[in-house]
Amino acid sequence: MTERREIYRSANARVIVTGQPVGKTCCVTFFTYASDESTLPLVNGFGEEILTRLALPAVHIINLKNHWWQIPDLQDCLQAAQEASSAATRRIGYGSSMGAYAVLRFSEALAIDESLCFSPQFSISRKLVPFETRWSKEARSLDFSQESMKIRQQGIHHIIYDPGCDDRQHVELIRAHNPDANLVLHEVSAGGHFVIRDYQSKGHLTRLVSGFRAGHVDPQLIVAHPDHKDHAAAPG
């Protein structure tokens with residue numbers, strides 16, 4: 001049975017470690033938005049079932065509210081996750097939507113070497129993304145004064161998104177504010193914001209995650225999606 005232990009908990013977040021990351025590739029995940037916040041204290045980490053089944057060590061960072069990581073104990077939470085993954089040979093970030101946003105935003109703090117990010121936001125602050133109409137409750141109530149989307153330049157970051165929805169403008173902003181980051185953009189003209197579900201329904205997601213065991217994201221498994229646009233896969 002895979003070892004599972006909680007190493008951090010506050011009113012805002014949990015950090016759970018599965019397996020032993022020492023000397024291995026470690027997956028660092030962030031959970032995503034929940035339509036019902038009351039379920040968040042009960043969830044497993046993002047992709048935890050697949051990663052456990054594949055015997056891939058992971059550090060799962062779970063939001064206990066839909067706070068887009070605008071929280072007072074952010075540094076304590078990130079420090080716990082960083083220490084848990086520090087002895088890994090390679091760290092692969094993994095998330096969707098708010099989770100993908102967090103993977104990119106905290107890629108420097110967590111020394112992410114490579115990431116697989118589905119449909120990330122640049123921000124949900126209406127000052128920065130006036131085109132955005134989703135997550136209006138959170139946009140009104142959160143303080144974004146400490147927010148910064150500065151992506152780790154030493155890493156490789158695969159961003160998969162549907163250019164037919166507002167996610168395209170988020171990706172454009174992410175790229176414009178990180179001209180020196182190694183961003184590999186993959187357009188998938190299907191699935192909308194929940195393009196990750198489209199990968200899952202077509203049988204690609206488990207294959208993508210299982211590729212983490214080789215220590216990298218396999219772009220050939222990304223482009224296996226029938227609606228993938230090859231011309232969009234270009235470094236930033």
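The values are calculated or read from the model by the stated rules, or taken from the named source; none is laboratory data. All figures in this text were calculated on a predicted structure; none of them were measured in a lab. Quick reminder, even Gly has a Cβ in these numbers, built from the backbone with ideal geometry, and neighbours come from all protein chains shown.
One residue stands out in the stretch 12-30 among those that are buried (at least 21 other Cβ atoms within 10 Å of the Cβ) and hydroxyl-bearing (Ser, Thr, Tyr): the one that is farthest from VAL209 (Cα to Cα), namely THR18.
Among the residues of the stretch 56-84 satisfying the criterion of being in contact with a Ser or Thr (Cβ under 6 Å, 6 or more places away or on another chain) and closer than 12 Å to CYS27 by Cα, which is surrounded by the most Cβ atoms within 10 Å (Cβ to Cβ)? The qualifying residue surrounded by the most Cβ atoms within 10 Å (Cβ to Cβ) is ALA58.
Under the condition of being surrounded by 15 or more Cβ atoms within 10 Å (Cβ to Cβ) and either polar (S, T, N, Q) or outside any strand (DSSP E or B) (or both), the residues counted in the stretch 178-188 number 3. Whether a residue is among the small types (Gly, Ala, Ser) and either modelled with pLDDT under 95 or surrounded by fewer than 23 Cβ atoms within 10 Å (Cβ to Cβ) (or both) was assessed, and ALA87 passes this test. If you check TYR101, TYR33 for being within 22 Å of ARG168 (Cα to Cα), touching a residue at least 24 places away in the same chain (Cβ under 8 Å) and buried (at least 23 other Cβ atoms within 10 Å of the Cβ), only one passes: TYR101.
Of the residues making up the stretch 205-214, just one is crowded, with 19+ Cβ neighbours inside 10 Å and farther than 16 Å from GLU49 by Cβ, namely GLY211.
Kindly indicate whether any position in the stretch 145-165 is in a helix (DSSP H, G or I) and surrounded by fewer than 19 Cβ atoms within 10 Å (Cβ to Cβ). For the stretch 145-165, residues in a helix (DSSP H, G or I) and surrounded by fewer than 19 Cβ atoms within 10 Å (Cβ to Cβ): absent. When ARG9, ARG53, ARG5 are checked against the criterion of being free of Cβ contacts under 8 Å to residues at least 24 places away in the same chain, surrounded by fewer than 18 Cβ atoms within 10 Å (Cβ to Cβ), within 22 Å of GLU114 (Cβ to Cβ) and over 16 Å from the mean Cα position of the chain (by Cα), a single residue qualifies: ARG53.
Looking only at residues in the stretch 114-137 that are among the aliphatic types (A, V, I, L, M) and within 19 Å of the chain's Cα centre (by Cα), the one that is nearest to HIS216 (Cα to Cα) is LEU116. Pairs, please: C-beta under 8 Å, at least 6 apart or cross-chain, first residue within 14 Å of VAL171 (Cβ to Cβ) and in the stretch 115-137, second assigned to a loop (DSSP other than H, G, I, E, B) and polar (S, T, N, Q)? Between residues of the stretch 115-137 that are within 14 Å of VAL171 (Cβ to Cβ) and residues that are assigned to a loop (DSSP other than H, G, I, E, B) and polar (S, T, N, Q), the close pairs are SER115/SER107; PHE118/SER97; SER119/SER97; PRO120/SER97; GLN121/SER97; VAL129/GLN121; VAL129/SER123; GLU132/GLN121.
Considering each residue of the stretch 130-144, count those that are in a loop (DSSP other than H, G, I, E, B) and either over 19 Å from ARG105 (Cα atoms) or touching a helix residue (DSSP H, G or I) at 6+ places or on another chain (Cβ under 7 Å) (or both), and give that number. Of the residues in the stretch 130-144, 4 are in a loop (DSSP other than H, G, I, E, B) and either over 19 Å from ARG105 (Cα atoms) or touching a helix residue (DSSP H, G or I) at 6+ places or on another chain (Cβ under 7 Å) (or both). Only a single criterion out of (1) in a strand (DSSP E or B); (2) at pLDDT below 95 is not satisfied by THR2, namely (1).
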